[in-house]
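The values are calculated or read from the model by the stated rules, or taken from the named source; none is laboratory data. Quantities reported herein were computed from a predicted structural model and do not represent experimental measurements. Every residue, glycine as well, gets a Cβ built from its backbone with ideal geometry; the counts of neighbours run over all protein chains shown. All accessible areas refer to the heavy atoms of the entire protein, side chains included, with ligands and DNA or RNA removed. Shrake-Rupley method; radii C 1.70, N 1.55, O 1.52, S 1.80 Å.
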Amino acid sequence: METDQLEMKQASLSALASLLNLTALPVIGFIFLLFVYKQTQPHTLGRYYAVLGIKTNLAAAIALIIVTGLMLVLGGFQSPWTWVFVISYFVFVHALFILFATWTLVRSWTGKKLTRTFLSK
Amino acid sequence: MRETFTKGMARNIYYGGAVFFFLVLIGLTVDTVKSLPQTDNSENMTELVIEGKRLWEENNCIGCHTLLGEGAYFAPELGNVYTRFGEDTENIKAFIKYRPVDGIPGRRSMPQFNLTEEQLEALAQFLKYVDGIKTARNWPPNDQG
Amino acid sequence: MKYESQAVAKLYFIAAIALFVGQILFGVTMGLQYVMGDFLFPEIPFNVARMVHTNLLIVWLLFGFMGSAYYLVPEEAERELFAPWLAKLMFWIFLVAGALTILGYLLVPYARLAEITMNDLLPTMGREFLEQPTITKIGIVIVALAFIFNIGMTVLTGRKTVINLVLLTGLVGLAVFFLFSFYNPDNLVMDKYFWWFVVHLWVEGVWELIMASLLAYVLIKVTGVDREVIEKWLYIIIAMALISGLVGTGHHFFWIGTPDYWQWLGSIFSALEPIPFFMMTLFAFNVVNKRRRDHPNKAAVLWALGTAVMAFLGAGVWGFLHTLAPVNYYTHGTQITAAHGHMAFYGAYVMVVLTMISYSMPLMRGQKAGNIKAQVVEMWSFWLMTVSMVFITLFLTGAGIAQVYLQRYSDDPLPFMVVQEKIAIFYWLREAAGLIFLIGLILYIYSFFAKGKEVEFAEA
């Protein structure tokens, strides 16, 4: 494969792994993502999306596991109000991460990075 | 997009999938309708019960209440109100009969429907019939509905 | 606007927006009744406000679908509409019949309305969303038949594109499944089973075909992406919608006295129902990313992307939350249902109609896109309505979780009314969000009148 094609493949594979980790294949998706990262070269599109995927999923782990865990510990499993916050927060934040990962996946298909302005070409 | 998966293939999946699963739905419907007598309490569906269902509809009770979980969420579930009110149709009739015309100040209020004795009896019998429907896992989870 | 007859859509869209305003006014009324229980009692009891709110929603969306079809089909079929006079006539008939029905709900006790409209001859009144008198329902069928005839003849004698055919299929399906509203058996379980053949097979079935085809149309127009690509996506999306949604109807057959196997079938198939919405999100993002032109109507692009995202969140994610039988056992008929219902309807159907209006209205007024100020105001209204809907949903979700815990899950369950008192705070917050939604809607209407600098259209 040409360099460009390989980069594109690595980019979209990274983005896909990131999305899978957030949805159907937690942990396995992350391991796959690390695997792809290892194969990428510095300063390439593939490396960019791999790093982005790793950062996204680490942030998600903190936001979804640590913060939720804290809510449960501080609020107590028995209180209905703990569950109100935990479930609402988890669903909403998880959905936002999935949307972000979906957006990066689609963006990776164009061979470009994310940009500051949402839809610039 | 890879050219191995063509528009024609997508179209065929749509046609095939739609027809196949529509037929499955029809088949399951036939089976469900055939099995209903085992659970639907239709043996207790008297003329009075049917009159009660008509009254339930004409007064739009579903506009505030749920019945087997379906309807509006303003007022309590009534599928099991017969059980909740001590398996006594008189309690159900009394509740409907004594709704104040101007409601209860500051609280969610139920209209006064000015039903006759016979209509009240029909409605209560309808709710008793609904309570007797054998729902899966004996839904709702408890008497509160 | 390539064909003169596309202009009939304008009538339909204006009516749609007017009815939308009515819907929301009654919505905020109900929101207040949730916390001030006797507000407007006994003149407008909650159930009357509710049937006005839900019926207006359905009718304005129907006006929106019809207007969208009248705009889109002549252009896709590359010919004028078959009978513009019929479209105009049906518009007035539908509008007057709808207005009379709503007035009937408001001015007369429902039981009396049933009497006046001779419900006894063929009783179809008194079921949720199908509160219309039987004569109104017959009127709806006549209007629908005339509409399908008009659109159908236009397609059949013109160019048959995938978009045209998928839209037509969805609309025919809408009309056919509406016929189940005339079937009202005495057996309550049968009643409930077939009621879903209208409601589920509409909103989780044929309406998805309508939505997907409208979205595909707007995306072709604003991005310039190759039709072949978009049509392939369209087929995949609607294939997944029907493959998941047909047997997925079973997620309404868990607790109504139907056989136990529905808990398995309904759960498994309906768990797949988010897939077409996820695909629409991928699809919309992808074609906008790969666009060949920067269309001057930025507002329309925003609505299109927003539709895909909100439909995925509201219908897909929130739907999935309570679709599995073991969860639904506890959440059935609670505020969780209301939370999902609001975001799903707004995200999928309200937004796709507003997308079509956003794209086509300027063209019907003789411009490629609204002026800069109008678009900015419109985009503000998009954000206000969309973000406030997210909050409405989050607050009702909170209310629902508390309700489920206290009334259904707890070992010592509390009565319904006691629980409602305890979760009142969520309802107050919801009402506040609802008022912001209304402000967003008012801004939306203002956007049609705002004057400003015209946009330039640079060819790609």
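Below is a table of values for the structure above.
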| read-out | value |
| --- | --- |
| Å² of accessible area per residue within the stretch C:360-460, as computed with a 1.4 Å probe and no ligands counted | 48 |
| Calculated FRET value between A:Leu6 and A:Val51, using beta carbons and R₀ = 22 Å, to 0.05 | 0.85 |
| Residue order for C:Lys192, B:Lys7 - accessible surface, 1.4 angstrom probe, largest first | B:Lys7, C:Lys192 |
| Long-range tail of P(r) for the stretch C:80-151 (Cα pairs > 22 Å, %) | 30 |
| Distance between the stretch B:1-63 and the stretch C:235-260 - C-alpha centres, whole angstrom | 9 |
| Accessible surface of the stretch C:21-136 [probe 1.4 Å, protein heavy atoms]: carbon and sulfur percent | 73 |
| Rounded to 10°, Cα long-axis angle of helix C:274-289 versus longest principal axis of chain C | 30 |
| Mean Cα-pair separation over length for the stretch C:1-71, i.e. relative contact order, pairs under 8 Å, 6 or more apart, % | 57 |
| Difference of contour (0.36 nm per residue) and Cα-Cα distance, C:Trp264 to C:Lys290 | 5.3 nm |
| Compactness index (Cα Rg / 2.2 N^0.38 Å), the stretch C:334-380 | 1.56 |
| Chains C and B together, accessible area buried on both sides, 1.4 angstrom probe, square angstrom | 6800 |
| Percentage of interatomic Cα-Cα distances in chain C larger than 39 Å | 18 |
| Heavy-atom surface of the stretch B:1-123, accessible at 1.4 Å and reported per residue (Å²) | 50 |
| Accessible carbon and sulfur surface of chain A relative to its total accessible area, %, 1.4 Å | 72 |
| Accessible area buried between chains C and A, both sides summed, probe 1.4 Å, in Å² to nearest 100 | 2300 |
| Buried on assembly, the stretch B:117-145 (at least 50 Å² less accessible surface than by itself, 1.4 Å probe) | B:Ala136, B:Arg137, B:Trp139, B:Pro141, B:Asn142, B:Gln144 |
| Accessible surface of the stretch C:346-460 [probe 1.4 Å, protein heavy atoms]: carbon and sulfur percent | 69 |
| 1.4 Å probe, heavy atoms, protein only - residues of the stretch B:12-60 losing at least 50 Å² accessible area vs chain alone | B:Tyr14, B:Phe21, B:Leu25, B:Leu28, B:Thr29, B:Thr32, B:Leu36, B:Lys53, B:Arg54, B:Glu57, B:Glu58, B:Asn60 |
| Rounded to the nearest 10 Å², the accessible area of C:Trp202 at probe 1.4 Å | 20 |
| Å² per residue, accessible surface of the stretch A:23-79 at 1.4 Å | 62 |
| Accessible-area order (highest first, 1.4 angstrom probe) of the listed residues A:Tyr89, C:Tyr329, C:Tyr427 | A:Tyr89, C:Tyr329, C:Tyr427 |
| Where labels lie 7 Å past Cα in the beta-carbon direction, separation of C:Lys453 and C:Gln367 in nm | 1.3 |
| Square roots of five times the Cα gyration tensor eigenvalues for the stretch C:1-102, Å | 35, 12, 8 |
| Two-decimal Rg/Rh across the stretch C:277-357, once Rg and the Kirkwood Rh are taken from alpha-carbon atoms | 1.11 |
| Shielded residues, the stretch C:126-144 - accessible-area loss of 20 Å² or more between chain alone and all protein chains, probe 1.4 Å | C:Gly126, C:Glu128 |
| Computed [θ] at 222 nm, helices only, for chain A once each DSSP H run of length n ≥ 4 contributes -39500 (n - 2.57) | -24000 deg cm²/dmol |
| Cα pair distances of the protein assembly as shown binned at 10 Å [whole percent] | 3, 14, 24, 27, 19, 10, 3, 1, 0 |
| C:Ile442 accessible area, assembled protein chains, probe 1.4 Å, Å² | 110 |
| Rh (Kirkwood; distinct C-alpha pairs) - chain A, Å | 15.4 |
| Computed accessible area, B:Ile62, all protein chains, 1.4 angstrom probe, square angstrom | 20 |
| Dmax and Rg, reported as Rg then Dmax, of the stretch C:126-203 (C-alpha, Å) | 14.7, 47 |
| Candidate residues B:Lys128, C:Lys232: accessible-area rank, largest first, probe 1.4 Å | B:Lys128, C:Lys232 |
